[in-house]
1. Could you please find all residues in the stretch 8-49 being at pLDDT 75 or above, buried (at least 19 other Cβ atoms within 10 Å of the Cβ) and in a helix (DSSP H, G or I)?
2. Mind telling me which of the residues 91, 124, 87 ends up being modelled with pLDDT under 95 and under 20 Å from the mean Cα position of the chain (by Cα)?
3. Looking at the stretch 88-122, which of its residues are within 10 Å of ligand 1 (Cβ to nearest atom) and surrounded by fewer than 20 Cβ atoms within 10 Å (Cβ to Cβ)?
4. Among the residues of the stretch 159-181 satisfying the criterion of being away from ligand 2 (no atom under 16 Å from the Cβ) and surrounded by 20 or more Cβ atoms within 10 Å (Cβ to Cβ), which is farthest from the chain's Cα centre (by Cα)?
5. Return the residues of the stretch 64-85 that are assigned to a strand (DSSP E or B) and within 16 Å of ligand 2 (Cβ to nearest atom); say none if nothing qualifies.
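The values are calculated or read from the model by the stated rules, or taken from the named source; none is laboratory data. Predicted model, so just to flag it, every value in this text is computed and none were measured. Every residue, glycine as well, gets a Cβ built from its backbone with ideal geometry; the counts of neighbours run over all protein chains shown.
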Ligand code: TXA
Ligand code: MG
């Protein structure tokens, strides 16, 4: 049965943003999408109306695209879990555009949390605060805390302001797929299933926010991100990683952050992360490509200089720091799926504060397949 216009997902683009090429390619590849080009005020107004009606609207942030829904409506939140096929015991992050909106979520903002907000918001830091008891249990998964953050994207800040309430925003991918860093990625996973997507360009950070909890006078990092433990150390309290981040294979204990227990971001092919000098990686990859090709497998090489990618079926260099690799990782993994890659080699780094977030995502995406060539 043909879908009516009402059931299509709207792709909102700014009238002033001139990317007709992208517009044409989206037009042809997604029959479930209707493009609307509007001036900023009207775009924000229309998207907000859908959110007030408990519908889902994906929004851009500096980290990844979020699947927006009213954080105070059980009906809207249940739609998030259904669209993403996300387990109900994994709580969501509430996104605010002002500190005043925190009153709708929490009973108390500790002074250390306030200092961290002053320093890092808007930005990629999510902070656990004591949850108001009247919050929907779908938001917190019934936990006594609620995760909050103020994202750094002008369209999304304007959107939350217009809606007038915090927005839940899990990454706008289907569970198990790499998080979306472009509006197009959201459509790949969710076109036809959500009311709309706001096209805010490419996400600059590219991996999800740092999630922290303040406990017993310490800052505990539950999920590493662009804001590192080094960034958090200047507040006069110890900064520690949650046990599950340090020993990810330990399955006995219950993780403090439910999201830690799910495998994420998995490409369809097998993935191996190589850590070592260029020469050692070049030798390893050359031999592995030979073996894989003998078995009829297609190989991708990501994050290395081009000489290491020689002979691979797919190659992306991704820049030369762990930050640039992080920024492009999810898009690269999606591209590997598209190119029907069976085996992906990615550049890894020795574990240190500044590489921790990238290595955490690589660990999850590869199922822990780290190959140390040092
Ligand atoms: O950068 C981001 O944070 C993105 C963008 C869209 O803002 N959002 C995002 O949301 O990554 P999501 O739902 O994919 O990840 C939320 C993470 C999960 O690992 C979840 O378990 C954890 O935060 N979390 C949320 N509330 C929590 C709570 N009360 N206690 C412990 N962990 C919590
Ligand atoms: Mg996610």
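1. Of everything in the stretch 8-49, those that are at pLDDT 75 or above, buried (at least 19 other Cβ atoms within 10 Å of the Cβ) and in a helix (DSSP H, G or I) turn out to be 43, 44, 47, 48.
2. Numbers: 91 fails: modelled with pLDDT under 95; 124 fails: modelled with pLDDT under 95.
One residue alone meets the criteria, 87.
3. Looking only at the stretch 88-122, we keep the residues that are within 10 Å of ligand 1 (Cβ to nearest atom), and these are 89-95.
Hits for the stretch 88-122 are 89, 90.
4. First, pick out the residues of the stretch 159-181 that are away from ligand 2 (no atom under 16 Å from the Cβ): 159-166.
Now narrow it down to the ones that are surrounded by 20 or more Cβ atoms within 10 Å (Cβ to Cβ): 159-160, 163, 166.
Values: 159: 19, 160: 19, 163: 22, 166: 18 Å.
Looking at the filtered set, the residue picked out is 163.
5. From the stretch 64-85, those assigned to a strand (DSSP E or B) are 66-70; that's our starting set.
The answer is 66, 67, 68, 69.
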